[in-house]
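Taking it in order: structure first as structure tokens, then the write-up.
The values are calculated or read from the model by the stated rules, or taken from the named source; none is laboratory data. Since we're looking at a predicted model, the values are computed, not measured. When we count neighbours, we look across all protein chains shown, and the Cβ atoms used for this are built from the backbone with ideal geometry, even at glycine. The area values use the complete protein model at the heavy-atom level, side chains included, leaving out ligands, DNA and RNA. Shrake-Rupley method; radii C 1.70, N 1.55, O 1.52, S 1.80 Å.
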Amino acid sequence: MSITRIHHLGLTVTDADASARWYSAVLGFVRIGEFTSPDGARRKVFLRHDTLAVRLGLCQHTANSGERFDETRTGLDHLAFGVHDVGELHDWEMRLLAQEVHYTTAVPANTLEGAMVLVFRDLDNIQLELIAEGDPLTK
């Protein structure tokens, strides 16, 4: 028995449609489907990205209190997407700037020697990262 990959990630959001538009405009995800539970208590929008083998599900619950995400509570801390190199991180900075997304400029990662990380947040305050690892041959 083996685990071969992450199949999908599910993020709870306050507005699935608004979040889907944001993930599409800012990160280039494409909407591929949606689901509403028979009782209407839960709605999901499914996204994919041409360069990722994992699907992203944005889940809206009617019981959601509307609180923004807080990584200090038990659960998800952040979601990091890998990019090819530091030059690409700088390209992402320009894209985030054009989309009026607040971000921190790329800085050395705390826990991965030689890696650089750019940090920003989605509409629900979920911390997202873009990370470029150093040359694997020098590690």
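With the requirement that a residue be in contact (Cβ under 8 Å) with a residue 40 or more places away in the chain and either outside any helix (DSSP H, G or I) or open to solvent by less than 40 Å² (accessible area, probe 1.4 Å) (or both), what does the stretch 85-104 give you?
Correct list: Asp85, Leu89, Leu96, Gln99, Val101.
Would you confirm, using the coordinates I've provided, whether Val13 is over 13 Å from the mean Cα position of the chain (by Cα) and aliphatic (A, V, I, L, M)?
For Val13, the condition - over 13 Å from the mean Cα position of the chain (by Cα) and aliphatic (A, V, I, L, M) - is not met.
From the list Ala20, Ala106, which residue is closer than 17 Å to Asp124 by Cα and either touching a His at 6+ places or on another chain (Cβ under 8 Å) or at pLDDT 95 or above (or both)?
Selected residue: Ala20, the only one of Ala20, Ala106 that is closer than 17 Å to Asp124 by Cα and either touching a His at 6+ places or on another chain (Cβ under 8 Å) or at pLDDT 95 or above (or both).
Tell me, please, whether a residue that is in a helix (DSSP H, G or I) and not aromatic (Phe, Trp, Tyr) can be found in the stretch 26-46.
Yes: the stretch 26-46 contains one or more residues that are in a helix (DSSP H, G or I) and not aromatic (Phe, Trp, Tyr).
Restricting attention to the stretch 26-72, and to residues there that are free of Cβ contacts under 8 Å to residues at least 60 places away in the same chain and β-branched (Val, Ile, Thr), which single residue is surrounded by the fewest Cβ atoms within 10 Å (Cβ to Cβ)?
Checking each candidate, the answer is Thr72.
So, Gly75, is that one small (Gly, Ala, Ser), assigned to a loop (DSSP other than H, G, I, E, B) and in contact (Cβ under 8 Å) with a residue 24 or more places away in the chain or not?
Spelling it out, it is not the case that Gly75 is small (Gly, Ala, Ser), assigned to a loop (DSSP other than H, G, I, E, B) and in contact (Cβ under 8 Å) with a residue 24 or more places away in the chain.
Select from the stretch 67-92 the residues that are under 15 Å from Gly28 (Cβ atoms) and acidic (Asp, Glu) and list them in ascending order.
Answer for the stretch 67-92, where residues must be under 15 Å from Gly28 (Cβ atoms) and acidic (Asp, Glu): Glu88, Asp91.
Name every residue in the stretch 105-139 that is open to solvent by less than 80 Å² (accessible area, probe 1.4 Å), within 22 Å of Ser19 (Cα to Cα) and of a type in the set (A, V, I, L, M, F, W, C), in order of residue number.
If the condition is that a residue be open to solvent by less than 80 Å² (accessible area, probe 1.4 Å), within 22 Å of Ser19 (Cα to Cα) and of a type in the set (A, V, I, L, M, F, W, C), then Leu118, Val119, Phe120, Ile126, Leu128, Leu130, Ile131 are the ones that fit.
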